[in-house]
1. Name the residues in the range A:262-286 that are within 32 Å of the chain's Cα centre (by Cα) and open to solvent by less than 30 Å² (accessible area, probe 1.4 Å), would you?
2. Only residues that are open to solvent by 90 Å² or more (accessible area, probe 1.4 Å) and either more than 15 Å from B:Gln49 (Cβ to Cβ) or facing chain A (nearest Cβ under 10 Å) (or both): list them for the range B:67-82, please.
3. Since A:Ser191 meets every condition but one in (1) surrounded by 15 or more Cβ atoms within 10 Å (Cβ to Cβ); (2) under 38 Å from the mean Cα position of the chain (by Cα); (3) on the phi < 0 side of the Ramachandran plot, which condition does it not meet?
4. From (1) under 27 Å from the mean Cα position of the chain (by Cα); (2) in a loop (DSSP other than H, G, I, E, B), pick out the condition that doesn't hold for A:Thr355.
5. Which of the residues spanning the range A:83-97 are within 11 Å of another protein chain (Cβ to nearest Cβ) and either free of Cβ contacts under 8 Å to residues at least 40 places away in the same chain or of a type outside the set (D, E, K, R) (or both)?
6. Which residues, taken from the range A:296-342, are in a helix (DSSP H, G or I), touching a residue at least 60 places away in the same chain (Cβ under 8 Å) and β-branched (Val, Ile, Thr)?
7. Answer yes or no: is there a residue in the range A:142-154 that is among the basic types (Lys, Arg), over 20 Å from A:Glu44 (Cβ atoms) and without any contact (Cβ under 8 Å) to a residue 60 or more places away in the chain.
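The values are calculated or read from the model by the stated rules, or taken from the named source; none is laboratory data. Quick caveat: nothing in here was measured; it's all calculated off a predicted structure. All Cβ positions, even for glycine, are placed from backbone atoms using ideal geometry, and neighbour counts span all protein chains on display. Just so you know, the surface numbers come from the protein's heavy atoms only, side chains and all, with ligands and any DNA or RNA stripped out. Shrake-Rupley method; radii C 1.70, N 1.55, O 1.52, S 1.80 Å.
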Amino acid sequence: MSQLKVSRRGFMGLLGAGSGGLVLSASLSGCASGNNAVQSPSPEALVLNAFLQITPENTVHFYLPREEMGQGSYHGLTTLVAEELDVLPERITVQHAPVNKAFNHPEFGMQGTGGSTSMKVSFYPLRQAGANARAMLVDAAAAELGVSPAQLKTEDGHIITTSGERHPYGRFVQLASTLPTPENVPLKNASDFNLIGKQRPRIDGISKSTGTAQFGIDVDLPNLHKAVIIRSPVYGAKPVKFDATEALKLADVAQVFAIDNGVAIVAKHIWTAKKAAKLVSVEWSNVPLASQSSTHIRDDFASALDTSEGEEHFKSGEGVQALQQAESSENSTVVEAEYWVPFLAHATMEPMNCTIQFNGPRCDIWLGTQMTGAVQSAVAYHGELDKENVFVHTTLLGGSFGRRGNLDYVVEAVEVGQAFSKSHPNTPVQIVWSREDDMRHDYYRPAALARLKASIDDQGQVQTWAATRSGGNMMSYILDEVIDVLAPGFLPNGMVDWLSKRGYGLFENWVVDPSSVEGLHEDYDVPNKEVRHVTVDHGMRLGFLRSVGHSYTGFFKESFMDELAIKANMDPVEMRLNHTQSSPRLNGVIREVAKVAQWGKPQQGRFQGIAAHRSFDSYVAQIAEVSVEGSKITVHKVTCVVDCGRAVNPDMVKAQMEGGIIFGLSAALYGEITFKEGAVEQSNFHDYRLVRLAEAPEVEVHIIDSQEDPTGVGEPGVPPIAPAVANAVFQATGQRLRSLPLKLA
Amino acid sequence: MIHFMLNGEPVSTDVPEDTPLLWVIRDYFNLKGSKFGCGMGLCGACSMQLDGVSTRTCILPVSAVEGRHVTTIEGLGTADNLHPLQKAWVKHSVPQCGYCQSGQLISASALLAQNPNPTEDDIANAMSGNLCRCGTYPRIKDAILDTAAGGVAQWEPPGSDNAPSADSVSDGVAQEKSVAGGEA
């Protein structure tokens, strides 16, 4: 079991000198005062540990270490501390944590949110924080009431005596602050859970249903100015010259200036800035991407697969060589197929935005981000400031799906903010992207082409599984962005360039980026496997999109498994069960989904398709029920079974499966980003279509009852839906659709 | 000067007449609940009721609301006084990221005001102008149907002043509010 790494004493050193209060005066002597400290909610608040503070008025403050972007960390992680502290979650005041190593992600080594890991890495540490805090209050209460701690119970923020008296925790705050801090207090047994595993509305439901939840775009400050940026239609092009004469005639326009990636227009009001932007003409530099169009991409990938064997990512048994034997054997059938997915945009409902204010050596920045710690580093690096003087104020994220894990909208804000602060010192400015900016300047889910080849013996067992994927890699773009900011200073520049996109990088031709091929081979029992990769990159900026590589490898692998089942005259469910004997949990979700969805007995006029995929340590199987009319595919119902270990908040697990399915369905039915002469052709929701309510299927989610530790739910719902639908379409029409979005001939 | 009713109160503004209502409400009247999503009337994040009709305000010049009634999410209900649909949204844990939900609630409340017992098709028609990237549609549908069926009439969010406390549910003993002061 992992333990809370930050002791209360250790955390004290992180607190600001200005916070005052009894605990600090008692404990902070000799400690350096960090600038970036948790602001105490009240001078008398007791700092229980890095995550929890409690006031004499009995208000519990929880510093949320992982950002909330819809996936439910706000409710889910609060549930963990609430369970052990014995306070109802809705009575806890949740605060966004500042940047501080106390809030580092235990696996990332920095403060950030992603990879469907928030619950997984918090399940023990945050419960421990709650349990230690509770013990501290019980000890204080016992001392004050003159009883032994064992005689006291706790319930909903109160100490309960044997005679039934109820005393709010806040009463014991002062005394508790003078007592030793308990460490490693035993956690509750699962049988004693009051909150974990129970149904409860999410605690951010009220603010998000009354318009009071604050997103980055809602940040308001005295004398806040607004900025828009005119960006090059082609990623990477720089402004060579611009003419803002007409724009500057508009009342209200404060400043127009060039930055690295465009021309910024700052005005008092956003509408003025938008109007002014239309009056500015810009000439752009030429970049190689401007000669590329997406019409060639699939062919480029295909010819690369024809001519190169690429790099090996994984091999077991005899690998692809086993196919040669199979090809000459009468008892074997060899099957081969090629699959394609296009580029995708994240299209968060809240477009990118960032608010920044420079005041001498100090910078404050307000935004929603998945990379909280790296934002501080990036501002310090690009703004040439001391990290200690960079204050990151995070808000809720109006969707992210990986997009707000990038730093482009931070780096440009530094440039805009610093330039603006020269004429307007200490004046905050908010950069707001238009939808068109957001759609055309994304880090796209890469397009990918894959060839899969397998041999099946006469018993219907797959003997060889070979897969080669061609396309660009995400990791080199991500590294390119953060490497200057995060790389240790001793790394020579040449190595930095080599690792990232700028040089002939690591992920171009030396090792395979795991994100490019994850999910291509792991799930099924096959004695001979080989996965290879051929990198072809046209220079479109690539990034992580919900479920990352699994977002397409799930489609490749599960469509192909269906083809193999049909070739072997096996039922697709039975085929999958036969090949998951060594993975009882994957086998379990397949068996369960077939049962609850009544596999083989669809409603009249509807057809079923199944897919199953493991990602982010969770196992998900889905059965889609579709009908086809002409070329129109209608998805009526999706039944989903998930094994994510213990479901801390079962209803939120269901919500993530529902959301993942609908997110994945947009990609299955509509999603496609194309570009012409380097410029993205889509611009808004009319040409980048998302599933709307009328097209959303009924979704039924079942959770496997499990005592295993929790694993991811934000992403694992996505990979199975596209192949489940494609497999159902095959049942309906006999057409095997091997490209996304699915289009019937 | 443009005059209109905002959440039941008469207001006026002298901003440029072509300014979309969304930005006027957000940046001049400082009501941030209505969101910017697309700027083309395609996503519904900016929805407000105009004389009871759900309207895309990112493309609606403020001059068009002269003399009319504008209702924003802030006018629908507050944490202390939730509209039945807002209660249903909380009960069903509809929001995920939450960004689109003001617009969803504006469209849903306009629907129920016109049609207190909508069918699933009615809901699909009324709500398909509001995009949700998180995919909360099944819960939006459930929450509207539950509201129409009277399912939230007696329901209060846990922890609210009107809600039965966990204690009184479990053992019938009323308890003090969480903010009850210490006596030290």
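1. A:Gly262, A:Val263, A:Ala264, A:Ile265, A:Val266, A:Ile270, A:Ala273
2. So the first thing to find is which residues in the range B:67-82 are open to solvent by 90 Å² or more (accessible area, probe 1.4 Å), and the list is B:69, B:80-81.
The answer is B:Asp80, B:Asn81.
3. Condition not satisfied by A:Ser191: (1).
4. Going through (1) under 27 Å from the mean Cα position of the chain (by Cα); (2) in a loop (DSSP other than H, G, I, E, B) one by one, A:Thr355 breaks only (2).
5. Initial filter on the range A:83-97 (within 11 Å of another protein chain (Cβ to nearest Cβ)): A:86-93.
Across the range A:83-97, the qualifying residues are A:Val87, A:Leu88, A:Pro89, A:Ile92, A:Thr93.
6. Of everything in the range A:296-342, those that are in a helix (DSSP H, G or I), touching a residue at least 60 places away in the same chain (Cβ under 8 Å) and β-branched (Val, Ile, Thr) turn out to be A:Ile297, A:Val320.
7. Just the residues of the range A:142-154 that are among the basic types (Lys, Arg), to begin with: A:153.
From the residues that got through so far, the ones that are over 20 Å from A:Glu44 (Cβ atoms) too are A:153.
The next check asks that each one be without any contact (Cβ under 8 Å) to a residue 60 or more places away in the chain; those that pass are A:153.
Yes, the range A:142-154 has at least one match.
Let's see how each residue does on (1) closer than 27 Å to A:Phe391 by Cβ; (2) of a type in the set (Asp, Glu); (3) open to solvent by less than 10 Å² (accessible area, probe 1.4 Å); (4) not in a loop (DSSP other than H, G, I, E, B):
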position: A:Phe62; (1), (2), (3), (4): yes, no, yes, yes
position: A:Glu68; (1), (2), (3), (4): yes, yes, yes, no
position: A:Gln71; (1), (2), (3), (4): yes, no, no, no
position: A:Gly76; (1), (2), (3), (4): yes, no, yes, yes
position: A:Val81; (1), (2), (3), (4): yes, no, yes, yes
position: A:Thr93; (1), (2), (3), (4): yes, no, no, yes
position: A:Pro98; (1), (2), (3), (4): yes, no, no, no
position: A:Met110; (1), (2), (3), (4): yes, no, no, no
